[in-house]
Amino acid sequence: MTSDPDFDGTLKGFLAFLARLEQAKIFYTLQNIRPEAVMVAVAVPGERWEIEFTESGELEIEVFRSQGPIHGAEKIQDLFARFSD
């Protein structure tokens, strides 16, 4: 698979990517997790994407997929137990 030349790590590529998300009506937020990168966080049904545009011009993309099961309120205690300090 070849990469899309419009979506590179440049500012032009970043803006083209945001425009493509807008055109597709895909919700996203911008986050600054690391000082050298801007992350576009995308939530679509069953997936979450983290696309980072870095200062060096690289793209870093992670895709997280749902394991499928939907839990009820009983899952909240488990989540806090696993991820609290």
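Just so it is clear, none of the values below were taken in a lab; they were calculated from the coordinates. Because the structure is a prediction, the values reported are computed rather than measured. No Cβ is skipped: glycine too gets one built from the backbone with ideal geometry, and neighbour counts run over all protein chains shown.
Listing for the model above:
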{"item": "Dipole axis of region 11-83 (+1 Lys, Arg; -1 Asp, Glu on Cβ), positive-most option in L59, G72, L18", "result": "G72"}
{"item": "Order by protection proxy (mean Cβ within 10 Å, highest first), peptides 71-79, 45-53, 16-24", "result": "45-53, 16-24, 71-79"}
{"item": "Between helix 11-23 and the chain: long-axis angle, C-alpha atoms, 0 to 90°, nearest 10", "result": "60"}
{"item": "For the chain, size of Cβ-based charge dipole, Lys and Arg +1, Asp and Glu -1, in debye", "result": "360"}
{"item": "Derived scalar couplings ³J(HN,Hα) [region 50-56; Karplus, 6.51 cos²θ - 1.76 cosθ + 1.60; whole Hz; x for Gly, Pro]", "result": "10, 10, 9, 9, 9, 4, 7"}
